[in-house]
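Trainee: One structure follows; several queries about it will come next.
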Amino acid sequence: MTFAIALFLAAANLCTVPADVQKEVAKRFPGYRMAAGDPCAHVVRADFDCNKMDDYALLIEHAKTGRVLLVTSLTSKKGTLLEVHRVGDLGKIGAARITLAPPPKVKKAGCRAVAFGERLLYRVGNDWKVSGNPQPGKP
């Protein structure tokens, strides 16, 4: 296997959501689906809660309305915790992007953060925080 192919496969694996998480998303958010197109623009894999286990942040879209939600899946020895976040309007899925970022310099901030637009979603202890001023209203 060439280095380029190995690099491509490694990058593709970083953007893949496990089947059990996909199943839970479909169950918890009826009418929503994983975004089509470039998965790396809509999925981030990292350790957000500093427990040395892979966690996921993903954008999902409603099949009929096109509404986009930012969802996280935290993995622990006790199971998976799936949460939706109130982060304001993310626009349409074609323009929505999330990326991995370092956490802000805040006391007890988690290991990694999710960047979307000019804002960050990050953990402080057992809570998620959003930097910036997301629009009020439903997620």
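The values are calculated or read from the model by the stated rules, or taken from the named source; none is laboratory data. Computed from a predicted model, the values in this text were never measured in an experiment. Ideal geometry is used to build each Cβ from the backbone, glycine not excepted, and the neighbour counts take in all protein chains shown. Note: areas computed on protein heavy atoms with side chains; ligands, DNA, RNA excluded. Shrake-Rupley method; radii C 1.70, N 1.55, O 1.52, S 1.80 Å.
Trainee: Answer with yes or no whether LEU90 is more than 12 Å from PHE48 (Cα to Cα) and surrounded by 15 or more Cβ atoms within 10 Å (Cβ to Cβ). Working first, answer last.
Mentor: Numbers: more than 12 Å from PHE48 (Cα to Cα): yes; surrounded by 15 or more Cβ atoms within 10 Å (Cβ to Cβ): yes.
Against the criterion (more than 12 Å from PHE48 (Cα to Cα) and surrounded by 15 or more Cβ atoms within 10 Å (Cβ to Cβ)), LEU90 qualifies.
Trainee: Still on this structure: Of all residues in segment 102-118, count the ones that are exposed (fewer than 15 other Cβ atoms within 10 Å of the Cβ) and at negative phi.
Mentor: 6
Trainee: Determine which member of the set VAL106, VAL43, VAL84 is within 10 Å of the chain's Cα centre (by Cα), free of Cβ contacts under 8 Å to residues at least 60 places away in the same chain and closer than 20 Å to GLY125 by Cβ.
Mentor: Details: VAL106 fails: within 10 Å of the chain's Cα centre (by Cα); VAL43 fails: closer than 20 Å to GLY125 by Cβ.
Answer to the selection: VAL84.
Trainee: When you look at ASP55, is it in contact with a strand residue (DSSP E or B) (Cβ under 9 Å, 6 or more places away or on another chain) and at pLDDT 95 or above, yes or no?
Mentor: Details: in contact with a strand residue (DSSP E or B) (Cβ under 9 Å, 6 or more places away or on another chain): yes; at pLDDT 95 or above: yes.
When the stated conditions are applied, ASP55 passes them.
Trainee: What about THR99, is it open to solvent by 30 Å² or more (accessible area, probe 1.4 Å), touching a strand residue (DSSP E or B) at 6+ places or on another chain (Cβ under 6 Å) and closer than 21 Å to VAL21 by Cβ? Step through it out loud before you land on a result.
Mentor: Working: open to solvent by 30 Å² or more (accessible area, probe 1.4 Å): yes; touching a strand residue (DSSP E or B) at 6+ places or on another chain (Cβ under 6 Å): yes; closer than 21 Å to VAL21 by Cβ: yes.
So THR99 fits the description; yes.
Trainee: From the set of residues in segment 21-45 that are surrounded by 17 or more Cβ atoms within 10 Å (Cβ to Cβ) and assigned to a loop (DSSP other than H, G, I, E, B), which is modelled with the highest pLDDT?
Mentor: HIS42
Trainee: Oh, and also: Give me a count of the residues in segment 69-120 that are part of a strand (DSSP E or B) and of a type in the set (Lys, Arg). Please lay out each step first, then the result.
Mentor: Taking segment 69-120 first, the residues part of a strand (DSSP E or B) are 69-76, 79-85, 99-101, 109-116, 119-120.
Now restrict to residues that are of a type in the set (Lys, Arg): 112, 119.
Final tally of qualifying residues: 2.
Trainee: Hey, does segment 121-131 have a residue that's at pLDDT below 95, open to solvent by 30 Å² or more (accessible area, probe 1.4 Å), under 23 Å from ASP38 (Cβ atoms) and not β-branched (Val, Ile, Thr)?
Mentor: No - not one qualifying residue is present in segment 121-131.
Trainee: Let me ask something additional. Across segment 46-68, which residue is surrounded by the fewest Cβ atoms within 10 Å (Cβ to Cβ) among those that are in contact (Cβ under 8 Å) with a residue 60 or more places away in the chain and in a strand (DSSP E or B)? Give the steps one after another, and end with the answer.
Mentor: If we filter segment 46-68 for residues that are in contact (Cβ under 8 Å) with a residue 60 or more places away in the chain, which is where we start, we get 46-50, 57.
Filter again for in a strand (DSSP E or B), leaving 46, 57.
On the way: ALA46: 17, ALA57: 25.
Among those that are in contact (Cβ under 8 Å) with a residue 60 or more places away in the chain and in a strand (DSSP E or B), it is ALA46.
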